[in-house]
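One structure is given below, encoded as structure tokens.
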Amino acid sequence: MIDLRSDTVTRPTPAMRRAMAEAEVGDDVYDEDPTVQQLQERVADLFGFEAALFTPTGSMANVLAVAALVGPGEEVLCESRSHILRAELGAHGALLGITSRTWVEERGQLDLPTVRSMYAPDMGPFFVRTTAIAVENTHNFAGGTVLPLADLQALRAWADEVGVGVHVDGARIWNAHVATGTPLREYGAVADAMAVCLSKGLGAPIGSLVLGTAEAIEVARVRRKRMGGGMRQVGVLAAAGLHALVHHLDRLAEDHEHARLLAEACGQDPALIETNIVVVETPDAPAVVAAAREEGVLIGAVGPTRVRLLTHLDVTRADVDQAAKVLSRLVG
Ligand SMILES: Cc1ncc(COP(=O)(O)O)c(C=O)c1O
């Protein structure tokens, strides 16, 4: 089977497994796991943040990041298909007691004029107050689209003016970085809080980080424990992330090239594919998913008329050529 359902399906390479087996460990709830500490310091430094905290999932990292900016009864504004709203099962409302409003942008982009018009300042007992804007880079359900740095910088400048926080869901910020050459620190500089994942394109079996000020991360450490995310000798998992940062970052360019080839096979303009995700409109998405499976290609339906494919570490050029043949027949 050629598995294009997600970039989360990768299995650790033999070299990654060796790094995991050899990791030095300690009890991370006591903050005594040297490998976790090394990962947290490394990632905080990559993005220019004071501190970082290792979490089992990107969803938990997002909840902790949003919790640092938005209090109960306050609101976050985000694009309508943001992962934090569509795919985290209501966690932000259910666990944090926050509300949200959305803007709609087909390519998942930031629409600053609309955001400005939606923003609600503190009006005492009359309206819900906006305390953060959340953006997703790259945007998963919009098809791996990149948010231009200039737009993010404009958001930062406005957010500073009005005193609102900026959260970046950077589950695939690595793909944005490789696709555009934008330094990770420039992406970090526009955010007050950020979540990044090691278990997507980077190919680690598990692991994400929430980034913020030292003070915010201390609070996040307590909240993580409350949510059942205090972990013990998880240096074995952090080691996979450290390995991935060294060995699997630059190769994301290959995934992007593979995604363009698949897009072309699906009858799309490959120039529109910015990273490793391809979303294809088709009249009957479940039927296409079933037919592709019959021919050895796994893809996902993300709506009744939309299928999604992702390229990743475990998809070779030969796999791409084979999948392209199948998909061109089904949707091309
Ligand atoms: C944009 C984005 N943010 C957050 C997540 C959540 O990550 P996890 O599945 O580790 O909770 C995902 C998962 O695919 C994602 O695509």
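Restricting attention to region 108-118, does a residue exist that is in contact with a Pro (Cβ under 7 Å, 6 or more places away or on another chain) and either more than 12 Å from the ligand (Cβ to nearest atom) or closer than 14 Å to residue 133 by Cβ (or both)? Looking through region 108-118, none of the residues is in contact with a Pro (Cβ under 7 Å, 6 or more places away or on another chain) and either more than 12 Å from the ligand (Cβ to nearest atom) or closer than 14 Å to residue 133 by Cβ (or both). From the list 52, 61, 91, 65, exactly one residue is open to solvent by less than 20 Å² (accessible area, probe 1.4 Å) and in contact with a His (Cβ under 7 Å, 6 or more places away or on another chain). Which is it? Going through 52, 61, 91, 65 in turn, the sole match is 65.
With respect to residue 135, determine if the residue is more than 10 Å from the ligand (Cβ to nearest atom), in a loop (DSSP other than H, G, I, E, B) and either of a type in the set (Ser, Thr, Tyr) or touching a residue at least 24 places away in the same chain (Cβ under 8 Å) (or both). So residue 135 fails the test.
To keep it simple, each residue is scored yes or no on (1) more than 24 Å from residue 185 (Cα to Cα); (2) under 16 Å from the mean Cα position of the chain (by Cα); (3) modelled with pLDDT under 95.
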site	(1), (2), (3)
9	yes, yes, no
42	no, no, no
112	no, no, no
117	yes, no, no
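Identify the residue in region 290-324 that is closer than 17 Å to residue 267 by Cα and in contact with a Gly (Cβ under 7 Å, 6 or more places away or on another chain) and, among all such residues, is least open to solvent (accessible area, probe 1.4 Å). Per the stated criteria, the residue is 307.
Which residues, taken from region 183-192, are hydrophobic (A, V, I, L, M, F, W, C) and either within 13 Å of residue 65 (Cα to Cα) or without any contact (Cβ under 8 Å) to a residue 40 or more places away in the chain (or both)? Residue satisfying the conditions is 191 alone.
Taken as a whole, the condition of being farther than 16 Å from residue 190 by Cβ and out of contact with any His (no Cβ under 7 Å at 6 or more places or on another chain) does not apply to residue 145.
The residue of region 11-45 that is most open to solvent (accessible area, probe 1.4 Å), among those that are touching a residue at least 12 places away in the same chain (Cβ under 8 Å) and in contact with a strand residue (DSSP E or B) (Cβ under 9 Å, 6 or more places away or on another chain), is 42. In region 193-310, counting only helices (runs of 4 or more DSSP H) that sit wholly within it, the ones holding 2 or more residues that are in contact (Cβ under 8 Å) with a residue 12 or more places away in the chain and within 18 Å of residue 332 (Cα to Cα) span 252-265, 285-294. Which one of 150, 220, 176, 238 is open to solvent by 10 Å² or more (accessible area, probe 1.4 Å) and of a type outside the set (Lys, Arg)? From the options 150, 220, 176, 238, the qualifying one is 150.
The values are calculated or read from the model by the stated rules, or taken from the named source; none is laboratory data. Since the model is a prediction, treat every value here as computed from it, not as a measurement. Note: ideal-geometry Cβ built from the backbone for every residue, glycine included; neighbour counts use all protein chains shown. Heads up: the accessible areas ignore ligands, DNA and RNA and are worked out on the full protein's heavy atoms, side chains in. Shrake-Rupley method; radii C 1.70, N 1.55, O 1.52, S 1.80 Å.
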